[in-house]
1. Grab the DSSP H runs of the chain that are 4 residues or longer, score each as -39,500 (n - 2.57), total them, divide by all residues and round the 222 nm result to the nearest 500 deg cm²/dmol.
2. When the accessible area of the stretch 41-143 is computed with all protein chains present and a 1.4 Å probe, what percentage of it is carbon and sulfur?
3. Just by accessible area at a 1.4 angstrom probe, what is the order of 40, 152 from largest to smallest?
4. For the stretch 139-154, what does the Karplus curve 6.51 cos²θ - 1.76 cosθ + 1.60, with θ = phi - 60°, yield as ³J(HN,Hα) per residue in whole Hz, taken in order and with x for Gly and Pro?
5. For the chain, give the magnitude of the charge dipole about the Cα centre (Cβ charges: +1 Lys/Arg, -1 Asp/Glu; no others), in debye to the nearest 20.
6. Figure the gain on full extension for residue 22 and residue 155 (residue separation times 0.36 nm, minus the Cα-Cα span) and round it to one decimal in nm.
7. Keeping all protein chains in place, calculate the accessible area per residue for the stretch 73-157 (probe 1.4 angstrom), answer in Å².
8. Using Cβ-Cβ distances only, list the Cys residues of the chain with no partner cysteine under 4.7 Å, sorted by number.
Amino acid sequence: MAFAKAILTYLETNYCVDTSRIFATGFSYGGTMSGLLGCKAPELFRALGIQAGSIFAPFSSCTVHPIAAWMTHGTVDGTVPFTSGEALRDQFIKDNGCSTTNTQTVVVTQGTTSSTCTIYNDCTAGNYPVVWCPVVGEDHAMPSFASAEITKFFLQF
């Protein structure tokens, strides 16, 4: 965490950075790192793009601050358990005050990979949606649609 914060401080000090549009994204351990950044330093980031990630820190030590998150996970992931991704999703839904009943769905497809994504955007925190795109039958992999969908998600902020 100290290293990530030091990188941000360096970039903000030495370059013209729009501090309201800082994002974190990653796959596997990179997704876990992004989840950890969203847990421990959500005030520094506007949104996350997490692919097959989890969080190793206990949620009770997370900073409660809203952060938008786009997430995907294979349902048969043998490396990072699917239930761990669901737990991280649920934490962001809780922290953002999102309704779990008033949601929207959208199907995303690229090539032979598709997902029915659930969009939790009725959130008391404001414009901090959580998008969950599980890929049925997929193991530990980056879905082909993820890069384009994360980019679209980030561009709304």
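1. Numbers: 4 runs with 50 residues, N = 157.
Helix contribution divided over all residues of the chain: -10000 deg cm²/dmol.
2. Numbers: 2360 of 4520 Å².
Of the solvent-accessible surface of the stretch 41-143, carbon and sulfur hold 52 percent.
3. Final ranking, largest accessible area leading: 152, 40.
4. Values per residue, Gly and Pro as x: 8, 7, 8, 8, x, 4, 7, 4, 4, 5, 6, 5, 4, 4, 4, 5 Hz.
5. On the way: 7 positive and 11 negative charges, 52 e Å.
The calculation lands at about 240 debye.
6. Working: separation 133, 0.36 × 133 = 47.88 nm, distance 1.13 nm.
Value of the extension gain: 46.8 nm.
7. Details: 4200 Å² over 85 residues.
Spelled out: the 1.4 Å probe surface of the stretch 73-157, per residue, equals 49 Å².
8. By the Cβ distance rule, which asks for a partner under 4.7 Å, the isolated cysteines are 16.
The values are calculated or read from the model by the stated rules, or taken from the named source; none is laboratory data. The shown structure was predicted, so the numbers you read here are calculated from the model rather than taken from an experiment. Ideal geometry is used to build each Cβ from the backbone, glycine not excepted, and the neighbour counts take in all protein chains shown. Heavy atoms of the whole protein, side chains included, go into the accessibility calculation; ligands, DNA and RNA do not. Shrake-Rupley method; radii C 1.70, N 1.55, O 1.52, S 1.80 Å.
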